[in-house]
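Report on the structure given below.
The values are calculated or read from the model by the stated rules, or taken from the named source; none is laboratory data. As the structure is a computational prediction, the values presented were derived from the model and not from experiment. Glycine also receives a Cβ, built like all others from the backbone with ideal geometry; neighbour counts cover every protein chain displayed. The area values use the complete protein model at the heavy-atom level, side chains included, leaving out ligands, DNA and RNA. Shrake-Rupley method; radii C 1.70, N 1.55, O 1.52, S 1.80 Å.
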Amino acid sequence: MPVITFANTKGGAGKTTAVLLLATELARLGFRVSVLDADPQHWITRWHENSGSLVGGRLSVVPYVTMSTIDRQVAEEKARADFVLVDLPGSRSSLLAKAVGHADYVLIPVQGSAMDAQGGANVIELLQYLEDKADIRIRHSVVLTRVNSMVTTRAMQAVKDLLAARRVHLLETPIIERAAFRDIFGCAGTLYSMDAKRISNLDKAQENARALALEVLRQIPAAVRQSGKAPLRNVA
Ligand SMILES: Nc1ncnc2c1ncn2[C@@H]1O[C@H](COP(=O)(O)OP(=O)(O)O)[C@@H](O)[C@H]1O
Ligand SMILES: [Mg+2]
């Protein structure tokens, strides 16, 4: 089943947060999701260990993914999950090239700053290289992260203009800067088990994560068909 690799050669772009949000939303929609945690900080592995069984046990995490293990791990997880999500370190590495090579779809989280756009551009260059040299075309989109809910900053507009000029697909749904997204790694559980009284705009965070998952599903409709089942709604 499809592999979605999250890549940006800059740390702090919002990769791990995007992986967690998409993984939990897809699992809530009824899909079996497996996350390959190749981020040396192991945020997702730790969060998953603290959280216990979540979303009907449909979310699993494979810790310690390395150059020598990734091929086998991807093959195993593809065989048993509807979606395999790969979280990568924030650096240019051979692991990144391998994980991108395995991907059916690459999501490139980019923060609305010029420096971050460069980390995203490195990934786009790699995808272009694969297309030019090996005729391998991998569908990919940029997702803007940590977007201020109130204003379109000039830096953000500059990133959008740059992507449009290079004809890079941009997801309509940005990941907004939200306390819930920041705090989720410190909590056990999902956006749906957090305390709405303590976390501002939790409902908006839930809406945002859900819109992101639905848009990603529209980007890979074949994936939904292959999984052989319609997504369920409102699964706890
Ligand atoms: N949408 C968001 N809202 C609030 N905080 C965020 C958001 N996305 C990322 N962060 C915070 O920014 C930091 C870097 O994000 P992270 O997802 O770990 O990036 P990466 O995996 O690319 O290094 C973390 O402290 C994370 O909690
Ligand atoms: Mg990370």
Completion exercise
Rounded to 0.05, the calculated FRET efficiency for the beta carbons of Glu207 and Arg182 at R₀ = 22 Å is 0.85
Handout entry: Computed [θ] at 222 nm, helices only, for the chain once each DSSP H run of length n ≥ 4 contributes -39500 (n - 2.57)
Key = -14000 deg cm²/dmol
Problem - Qualifying chymotrypsin sites (Phe, Trp or Tyr not before Pro) in segment 56-113, DSSP loop, other Cβ atoms within 10 Å at most 13 - result: Tyr64
Fill in the blank from the handout: In a Gaussian network model of the chain with springs linking alpha carbons closer than 10 Å, the residue among Asp183, Asp132, Asp203 that fluctuates most is Asp132
Exercise for the section: Identify all aspartates and glutamates with a Cα-Cα distance to Lys133 below 15 Å; exclude those on the same chain that are fewer than 8 residues away in sequence. Expected result: Glu125
Exercise for the section: Working from the alpha-carbon coordinates of the chain, get Rg over Rh, Rh being the Kirkwood radius. Expected result: 0.94
Handout entry: the chain, dipole about Cα centre (Lys/Arg Cβ +1, Asp/Glu Cβ -1), debye to the nearest 20
Key = 320 debye
Problem - Lys, Arg +1 and Asp, Glu -1 on Cβ, resulting dipole of segment 99-196 about Cα centre, debye, nearest 20 - result: 200 debye
Exercise for the section: Could you provide, to the nearest whole Å², the per residue accessible area of the chain with probe 1.4 Å? Expected result: 47 Å²
Problem - Selection from Thr17, Val65, Ser94, by position along the positive dipole direction of the chain (Cβ) - result: Thr17
Fill in the blank from the handout: Taking a straight Cα-to-Cα line shorter than 25 Å from Lys78, and setting aside same-chain lysines fewer than 8 residues away, one finds Lys15, Lys98, Lys229
